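K.L.:
Take this structure first; my questions come after.
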Amino acid sequence: MKKSLSKEEFSLLQDESERLTLDIAQGHETEETDARLSEIDQLMERSDWILSHDYGVVKKSVNGIPLKVLKSAAGFYIGTCDDRQGPISRESNEYWRAQETANQALESGQWTQFHYDI
């Protein structure tokens, strides 16, 4: 079983991708540049993270369970759920009054990761 990328590893790959893209733009491309960019893209696509330009690196799934908009008494939030168990985790700090607004936040990555105190 492959280990999933940590948030820090994802961020490092994002930084490397940006450096390589800048190298290409400046004409400093090497034979390995395209292959490495392709490898980075594949790793990032399979990861549990996504880069939001407004909110930084946030999760797109938890333990392979896709994030979705869920409803609680406090409002709509981003989390995970199971058809048998119901809600599993809350992932967003935010609650939204409208489901559509929460859906837009999920799709755009404009939400912040909730941190559990353990």
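Just so it is clear, none of the values below were taken in a lab; they were calculated from the coordinates. Quick caveat, the model's predicted, so the values are computed rather than measured. Here the Cβ is made from the backbone with ideal geometry for all residues, glycine too, and neighbour counts use every protein chain on show.
K.L.:
Can you tally the lysine pairs in the chain where the Cα-Cα distance is under 19 Å and the two residues are eight or more apart, or on different chains?
P.N.:
10
K.L.:
Still on this structure, please answer the following. Over every pair of different alpha-carbon atoms in the chain, take the mean of 1/r and invert it; report that Kirkwood radius in Å.
P.N.:
Working: mean 1/r = 0.0629 Å⁻¹.
This gives a value of 15.9 Å.
K.L.:
Cα axis of helix 33-46 to longest principal axis of the chain: angle in degrees, 0 to 90, nearest 10?
P.N.:
For 33-46 against the chain, the angle is about 10 degrees.
K.L.:
While we're here: Hey, any idea what the orientation-averaged projected area of the convex hull of segment 7-47's Cα atoms comes to, in nm²?
P.N.:
Values: hull surface 10.4 nm².
Over all viewing directions, segment 7-47 projects a mean Cα-hull area of 2.6 nm².
K.L.:
Still on this model: Please list the non-local residues whose amide H lies under 5 Å from the amide H of G56, H modeled 1.01 Å from N, same-chain partners needing a gap of 5 or more.
P.N.:
Residues meeting the criterion, in which the H sits 1.01 Å from N, do not exist here.
K.L.:
Right, something else. Show me 94-106, 74-86 ranked by packing, highest mean number of other Cβ atoms within 10 Å first.
P.N.:
Numbers: 94-106: 15.8, 74-86: 14.2.
Ranking, from highest mean packing down: 94-106, 74-86.
K.L.:
Over all directions, how big on average is the projection of the convex hull of the alpha-carbon atoms in segment 62-108, in square nanometres? Don't skip to the answer; put the middle values down first.
P.N.:
Numbers: hull surface 13.3 nm².
Quarter of the Cα hull surface area: 3.3 nm².
K.L.:
While we're on this one: For the chain, what is the calculated [θ] at 222 nm in deg cm²/dmol (nearest 500), taking -39500 (n - 2.57) for each run of four or more DSSP H residues and dividing by its residue count?
P.N.:
Values: 3 runs with 43 residues, N = 118.
Calculated from helices alone, the mean residue ellipticity at 222 nm is -12000 deg cm²/dmol.
K.L.:
While we're looking at this one, here's another question. From the phi of every residue in segment 10-23, what ³J(HN,Hα) in whole Hz does the Karplus formula 6.51 cos²θ - 1.76 cosθ + 1.60 yield, where θ is phi - 60° and glycine or proline is x?
P.N.:
My calculation for segment 10-23 gives 4, 4, 5, 5, 4, 4, 5, 4, 5, 5, 5, 5, 5, 4 Hz in order.
K.L.:
Step through the residues of segment 99-116 one at a time and calculate ³J(HN,Hα) from phi using the Karplus curve (6.51 cos²θ - 1.76 cosθ + 1.60, θ = phi - 60°), rounding each to whole Hz and writing x for Gly and Pro.
P.N.:
Using θ = phi - 60°, the values come out as 4, 4, 5, 5, 4, 4, 5, 5, 5, 8, x, 8, 8, 10, 6, 6, 10, 7 Hz.
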